[in-house]
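Just below is one structure, and these are the notes that go with it.
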Amino acid sequence: MSLKFFNTLTRKREEFVPLREDWVGMYTCGPTVYDYAHIGNFRTYIFEDILRRVLEYNGYQVKHVMNVTDVGHLTSDADEGEDKMLEGAKREKKTPWEIAEYYSKDFFENLLRLNILKPHIICKATEHIPEMIDLVQRLFERGYAYEISDGIYFDVSKLRKFGQLSGQILEEQEAGARIEVNPEKKHPADFALWRKASPNHIMQWDSPWGKGFPGWHIECSAMNMKYLGETIDIHCGGVDHIPIHHENEIAQSEGATGKQFVRYWLHGQFLQVDGGKMAKSLGNFYRLQDLEAKGIEPLAFRYFCLTGQYRTPLNFTWESIRSARNGLWNLREEILRRRRETEDFDKSEVERLQKNFLEAINDDLNMPQALSIVWEAIKVLSGKTWWKLILQFDRVLGLGLDKLDEIEKEMTTIPPKIEELRIKRDEARKKKEWKTADELRKKAEEQGYLFEDTPEGTKVKKIVKSIDN
Ligand code: AMP
Ligand code: ZN
């Protein structure tokens, strides 16, 4: 069955045909490790994880590369301001290397908690400086780079196709440019490949142009080429990267090689709050830990992301995330119940569900539809053989349904101190002492347990923080 993606480059839904028959190279722009990632960032990483899982479900062998930006990403994506790593280092009175190590560790732990498959290659910018310098030199040789007093820049007017990904014509970019901060640049859209460093700049390396540090965009081009070759199958990221970061990656790579850089560009839409982007700079963001403090486990956030197609903005509200959590819990409960029922297994029904599921995921990752097919499967079938079908679907969903027994055990193993709170709460509720009951509920929540009101009294569930624990 054919697999179709919306390609940002051509603005069309296209059939996916990789360069090699059954092997796919896939690059995803990774985190800038100067601070914690927020759940908006994680929406994008979940979309990319689903993409990889769909490719694997279709029988492709995927090589997934993710970079870690630990130098060169300035406070504005458009090459202005300070290096975010130095900003983080100053904030915490640490070295940029300490900052990078701390936030990378936190980031990858969170990926695990979200059941995101580990990329095959995780590559740090600071460990690829020679590759970046080589690339800048190639660009010089081919006439795309020029030197000014603060660094080496890419000359966008030399590349006929510049602006193709975002559909911006170069002349319009010039007319619409903000007040130009660097009058030495030939064109406002020219961007830094390499920056010269002042003697007291902490992160700097030797180069043919004196001591300095790389631009942000060049790292992705250099690492793409090193690990996946000069033309790659799939490159993805969030939509905010289309107009600058990815446009610049294309320019540098195609300028250096003269070949097409990426065949399929896929971009995920934002997680929003109140109809606008969730962003660190706007201060309207939440971390996974903020969700956990309110009884929302990481996998519930993953489930929430599956309820929206990746090209549609998804609005975050506490109400919607709670209903996603309940959706996940109901799914688990229903599966456990039906798995124990006697076999109700109809081969043609299974084939129909398998076909519909594949059609949904291959239709530009229509995960809401795929999820509804899983619910349908739960309603119409049961028993052990059916359980295998659910596990097959979960290879794409990644909801940890293969660990249901452990999850069930963890969720329902309640320590005595929590049991005590539950009993006290039931007593308070009987006496209609609502304030006390509420305080006891909050106390349990702080310790990672949720109290649910049911007609039979208070039910307790543990918030599952990680399925690997
Ligand atoms: P950054 O660390 O800022 O480079 O962002 C990491 C990834 O998260 C990028 O692919 C961004 O496009 C993506 N991203 C940032 N904010 C959001 C958001 N609110 N919703 C979804 N993705 C986002
Ligand atoms: Zn990148």
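The values are calculated or read from the model by the stated rules, or taken from the named source; none is laboratory data. Please read all numbers here as calculations on a predicted model, not as lab measurements. Here the Cβ is made from the backbone with ideal geometry for all residues, glycine too, and neighbour counts use every protein chain on show. Side chains are part of the model used for accessible areas, which takes the heavy atoms of the whole protein and leaves out ligands, DNA and RNA. Shrake-Rupley method; radii C 1.70, N 1.55, O 1.52, S 1.80 Å.
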Note to self: Give me a comma-separated list of calculated 3J(HN,Hα) values for segment 317-333, in order, Karplus coefficients 6.51, -1.76, 1.60 applied at θ = phi - 60°, integers in Hz, x for any Gly or Pro.
What the structure shows: 9, 5, 5, 6, 6, 5, 6, 5, 4, 5, x, 5, 5, 4, 4, 4, 5
Check: With a ≥ b ≥ c the root eigenvalues of the C-alpha gyration tensor of segment 312-410, is it rounded (a/c under 1.5), prolate (a/b larger than b/c) or oblate?
Finding: oblate
Check: Which percent of Cα-Cα pairs in segment 6-162 sits in each 10 Å bin, short to long?
Finding: 9, 28, 33, 25, 5, 0
Next item on the list: Would you mind checking which residues have amide H under 5 Å from Leu193's amide H? H placed 1.01 Å from N; only 5 or more apart, or other chain.
Entry: Ile152, Tyr153, Phe154
Next item on the list: Tabulate in residue order the Karplus-calculated ³J(HN,Hα) for segment 92-107, using 6.51 cos²θ - 1.76 cosθ + 1.60 with θ = phi - 60°, rounded to whole Hz; enter x for Gly and Pro.
Entry: 9, 6, 10, 7, x, 6, 5, 4, 4, 5, 5, 6, 5, 4, 4, 4
Item checked: Carbon and sulfur %, accessible surface of segment 1-125 computed with the full protein complex present, 1.4 Å -> 50 percent
Item checked: Which listed pairs, of Lys118/Lys388; Lys186/Lys211; Lys355/Lys384; Lys84/Lys211; Lys417/Lys465, have C-alpha distances above 26 Å, in listed order -> none
Check: Taking the alpha-carbon set of segment 259-357, what are its Rg and Dmax in Å?
Finding: 18.5, 58
Check: Label Ser166 and Glu433 with points 7 Å out from Cα along Cα→Cβ: what is the distance between them in nm?
Finding: 6.1 nm
Next item on the list: Output the antiparallel fraction of DSSP beta bridges having both residues in the chain, as a percent to the nearest 5.
Entry: 55 percent
Check: HN-Hα J couplings of segment 236-246 from phi, Karplus 6.51/-1.76/1.60, θ = phi - 60°, integer Hz, Gly and Pro as x?
Finding: 9, x, x, 4, 5, 7, 4, x, 10, 4, 6
Next item on the list: Just order 193-204, 309-320 by mean Cβ neighbour count inside 10 Å, highest at the front, would you?
Entry: 193-204, 309-320
Check: What Rg and what Dmax come out for the chain when only alpha-carbon atoms are used, in angstroms?
Finding: 25.0, 82
Item checked: Relative contact order %, the chain, counting alpha carbon pairs below 8 Å whose residues are six or more apart -> 17 percent
Margin query: Given a 1.4 angstrom probe, what's the average accessible area per residue across segment 9-94, in square angstrom?
Written below: 37 Å²
